[in-house]
Every structure is written in C-alpha cells, then in structure tokens.
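S.K.: Sharing a structure, written as structure tokens. Questions coming.
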Amino acid sequence: MKLSLDRIFELLDTKATGPGARGARRAHQLSIALGVTAMVVCTDPGVHATTGRALDLIFWIVAAMFAVEYAVRLMIVPWANSADKGHRWRARRHWAASFNGLIDAAGMLPLLAIASGMDSGPARLFGALWLIKLAPYAEALELVARVFKAARGPLTSLLLGFLMVLIAAATLAYVFESGAQPKTFGSIPLALWWAITTLTTTGYGDAVPITLAGRILGGAVMLAGIGVLAMWAGILATTFSDEMRRRDFLRTWELVSRVSFFEDLGADLIAEVARLLKPRKLPAGAIVMRAGQPGDCMFFVVTGEVSVQLPAGPLTLGDGAFIGEMALITGAPRSATVVAQTDCELLALDLADFRDLAARHADLTSAIVGEARRRSGAPPKTEPEPMPG
Ligand code: CMP
C-alpha cells in the first residue's frame, strides 16, 4: 500500500524526474491543452454546430480527470511528508488551502457549475482556469514573482512619480482645454483618460488637445511617458538578470559543496569557484569528450558515474572525480573518450577560468596537475607544479 501511494505521489509530483513522472507530466499538460482548446473553439457558433459534440466530450472528460486528480492528491497528500502521516486530515486541510490546492480546486469549477444547475455553455468558460494548473510547471513564473518582490521599492517610487505626473497632466489639460472641449476635458476625471493614454504613449486619438498650450503639454507628457516606461523596463530587466544570476549561483554553490574535491575550501573560495563553474546534466550514454578532440574545459563529477575508455579497458570514475584536465594542462588533444555511464550532474570549468584559478590559487590546481601527471604515467614532481598556460 505504502509503495503504491509513494509511486502515485511521484507520478503527480511536478518536480520528479523519473521516466514515469515525466510521462505523467506530459499527459497532464496535454490534457490541459486539450481541455482549454476545446473550451475556446466551442465558443465559435460555426465550429460548435459541426464538431460541438466531440469537443464537448473532450472537455468534460478532461474536467472529470481533473476532479479525479483533485481527489487523488487530497488522498495522498499526507504521504508527501512523513511528518504529516500522523495528522492526515490536518495535512489535507493544509494542502487544500495552499496555492496548489486552490489551483486544483479551481480546476473542478466547470463540473461544480454544472452540478449547481448552470448551462454547459457558461459552465465551460470556467475551463479557462485550467491554464493556472500550468503554473507549478513554470519555474519562470516563480522567478517573475521574486523579481517583482525584489524590485518593489524602486517600482513603488516610480509608480508614485507616474501618479504625480498623471494628476499634474490631467489638471493642466483641464485648465487649457476645458473651455474649448468641455465634453472631453470638462473635468479632471475626464481629462485623466487623455493623460493616461498619452503618458503610456498609446494615445487612442479619441481625446486630442486643440489649444497651443494643450498641445505643448501633450508633447511634454508623451516625453515623460517614454522616460517612465524606459525606467520601468530598466528596473525590471536589471532585477530579473540579478535574480537569474543569484539563482544560478546558489544552484552551483550547492553542487560545488557536494564535490569532495572542494570540501576543504573555505566559504570565500567556494563562492569564487562557484562563480567559475557551470552545471551540466548529461543522460546515461552521452559522450562527455572524445579522444583526439581539442580540450577547452574540464569537469567535476557531482553525481553519477563516467567511464574513461582507456586502452587497458574502461575505468569508472564517480562522485568527486574530475576529468578532462590533461588537455587543459598540456594543450594536447583529449587523451581518451569519456562516456556518461549513468545520468550525471557535472560542473564544467573552462580553459580561461582554469588558468585564472591556477594563477590565483596554485594550491588548488596543483592537486589537479599532480593527478594529471599520475594519470599520464609521468613521475610525480617534488618541486611545486608550474602554472598551466
Ligand atoms: P583529457 O586528456 O583532457 O581527456 C580525457 C580524460 O580522461 C583525461 O583528460 C583525463 O581526465 C581522463 N584520463 C585519461 N587517462 C586516464 C587515466 N589513466 N586514469 C584516469 N583518467 C584518465
């Protein structure tokens, strides 16, 4: 019983990586796409008259699947966290009130609407909410939310500036234009419509100043609008790129700290190394490097195993090992082909960064240089290793 619940939980976990979980995820996404497409297309009277029955069938099958999914998730949620197993109903209540629980509950709205007596046409429109079920798959959405949170200070200041310009522009437009165009500029609330369309540079053209002062004001407001939007975009773009860099750095840091080769490094040096390393995921069977090709980077194995194809037979290297260092040190082509034996997580260090590291932390790279000599069969050196490059 426990095993099968764990298996169901894995299949429904949006972050699980097993082949079954990946298939279940694809099927889930496909159901959402089918359901939403059926809902959208059904609103066209022509299409509904010809293929409405088939589309209806697809829509309601998807709706029923999402109701079953909700019930299954509610059932298995205590198994998601072993600490919750003793408090099943509390865990279920907690999940039902969570963001994911509410999203899944919203997915049942078409069925609930039908059950409460609504016609199937309007009830189907609730199917648009199924798109929110894609939110847990979209890592980028989480990032966007973090960007807005991180940039809320400057964005709030900019919004205040925007409001000040908006009110000032509407007030001046009222002063200049209300006599000539009382219908469009007869009050500040009426002039606000002109001010907002001009400030956001769309300007529908339905409200246009006709006095000289009004037109000069219009030009100034348009220029101010361009400035505000440029600042808005600039703040979001820099915060977005900062957040991406921070997220990548944290991921790499976590991987670096798992590599035994770096375990004795202090926090400062780990941070420095983490900035130079780039994570790579390779599936089992992928060629990491080919004998005879030029070498432009080396790898540290975080998880998984790689096989070095040596003339004497394959040699398996696992967590904590490094490969591809010889070509960087000697400048010679790759001495052997290396294949991922299992799914692998690697950290890549490219040639320029390896040289940079060697120049600044010879103690760190001397262990790599020493191991490369041992692997190539050269006698170990007693004096310090020369800097590569
Ligand atoms: P490189 O020559 O750049 O590319 C192939 C890599 O295989 C090589 O660096 C080493 O990292 C690794 N390698 C080659 N020979 C051996 C060996 N005898 N033992 C372990 N690893 C090796």
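Just so it is clear, none of the values below were taken in a lab; they were calculated from the coordinates. Bear in mind that the values here come from a model prediction, so they are computed numbers and not experimental data. Note that each Cβ is placed from the backbone with ideal geometry, even for glycine, and that neighbours are counted across all protein chains shown.
S.K.: Can you check how the C-alpha radius of gyration of the chain compares to 2.2 N^0.38 Å, as a plain ratio? Write down the numbers at each step before the final one.
M.R.: Numbers: Rg = 30.9 Å, N = 389, 2.2 N^0.38 = 21.2 Å.
That ratio works out to 1.46.
S.K.: For the Cα atoms of the chain, what angle does the longest principal axis make with the long axis of helix 2-12, in degrees from 0 to 90, nearest 10?
M.R.: 60
S.K.: Can I ask one more? With everything on Cα atoms, drop me the angle between helix 267-276 and the longest principal axis of the chain, reported from 0 to 90° to the nearest 10.
M.R.: The helix 267-276 is inclined about 80 degrees to the chain.
S.K.: So, one more: What is the order of TYR137, TYR70, fewest Cβ neighbours within 10 Å to most?
M.R.: By the 10 Å Cβ count, ascending: TYR137, TYR70.
S.K.: Follow-up. Any idea what log10 I(q)/I(0) is at q = 0.11, 0.18, 0.19, 0.22 Å⁻¹ for the range 257-389, Debye with uniform C-alpha scatterers and no solvent?
M.R.: Normalising to I(0) and taking log10 leaves -0.36, -1.03, -1.15, -1.52.
S.K.: Still on this structure, please answer the following. Kindly count the pairs of lysines across the chain whose alpha carbons are less than 29 Å apart, treating pairs on different chains or eight or more residues apart as eligible.
M.R.: 12
S.K.: While we're on this one: Which listed residue (HIS94, PRO279, LEU159) has the Cα farthest towards the positive end of the charge dipole for the chain, taking +1 on Lys and Arg C-beta and -1 on Asp and Glu C-beta about the Cα centre?
M.R.: The residue sitting farthest along the positive end of the dipole is HIS94.
S.K.: Once you have the alpha carbon radius of gyration of the range 68-178, what is it after dividing by 2.2 N^0.38 Å, with N set to its residue count?
M.R.: 1.71
S.K.: How would you rank VAL273, VAL144, going from fewest to most other Cβ atoms within 10 Å of each one's own Cβ?
M.R.: VAL144, VAL273
S.K.: By how many degrees, 0 to 90 and rounded to 10, does the Cα axis of helix 45-76 deviate from the longest principal axis of the chain?
M.R.: 50
S.K.: With just the Cα atoms defining each centre, how far is the range 88-111 from the range 130-207? Give it in Å.
M.R.: 35
S.K.: Let me ask something additional. For each of PHE9, PHE126, count neighbouring Cβ atoms within 10 Å of the residue's Cβ, then give the residues from fewest to most. Numbers along the way, then the final one.
M.R.: Working: PHE9 17, PHE126 20.
With the fewest neighbours first, PHE9, PHE126 line up as PHE9, PHE126.
S.K.: Oh, and also: Please tell me the relative contact order of the chain in percent, rounded to the nearest whole number, where contacts are Cα pairs under 8 Å and at least six residues apart.
M.R.: Relative contact order, the chain: 9 percent.
S.K.: Follow-up. For the chain, what does the helix formula give at 222 nm: sum of -39500 (n - 2.57) over DSSP H segments with n ≥ 4, over the residue count, nearest 500 deg cm²/dmol? Kindly include the intermediate steps, with their values, before the conclusion.
M.R.: On the way: 16 runs with 239 residues, N = 389.
Rounded to the nearest 500, it is -20000 deg cm²/dmol.
S.K.: Remind me, relative contact order of the range 78-225 in percent, using alpha carbon pairs under 8 angstrom and six or more residues apart? Don't jump to the answer; show the numbers that get you there.
M.R.: Values: 109 pairs, mean separation 20.2, N = 148.
About 14 percent, as a whole number.
S.K.: Additional query: What is the calculated FRET efficiency for ALA359 to ASP248, with r their C-beta to C-beta distance and R₀ = 30 Å, to the nearest 0.05?
M.R.: On the way: r = 24 Å, r/R0 = 0.81.
Calculated value: 0.80.
S.K.: Continuing with this model, one more query. With label points built 7 Å along Cα→Cβ from the Cα atoms of ASN100 and SER120, find their separation and express it in nm.
M.R.: Modelled inter-label distance: 3.3 nm.
S.K.: Assigning unit charges at the beta carbon (Lys, Arg +1; Asp, Glu -1) and nothing else, what dipole magnitude in debye, to the nearest 20, does the chain show about its Cα centre?
M.R.: Dipole about the Cα centre, nearest 20: 780 debye.
S.K.: Further, regarding this structure: Using the Karplus curve 6.51 cos²θ - 1.76 cosθ + 1.60 with θ = phi - 60°, work out ³J(HN,Hα) for each residue of the range 279-285 in order, rounded to whole Hz, and write x for Gly and Pro.
M.R.: x, 9, 10, 10, x, 4, x
S.K.: Still on this model: Give the range of the longest stretch in the chain that excludes all trypsin sites (Lys or Arg not before Pro) found in loop regions by DSSP and having at most 14 other beta-carbon atoms within 10 Å.
M.R.: Within the chain, the longest run free of exposed trypsin sites (Lys or Arg not before Pro) spans 16-289.
S.K.: Next question, about the same structure. If you wrap a convex hull around the Cα atoms of the range 133-239, how much volume per residue is inside, in Å³?
M.R.: Cα-based convex hull of the range 133-239, divided per residue, equals 115 Å³.
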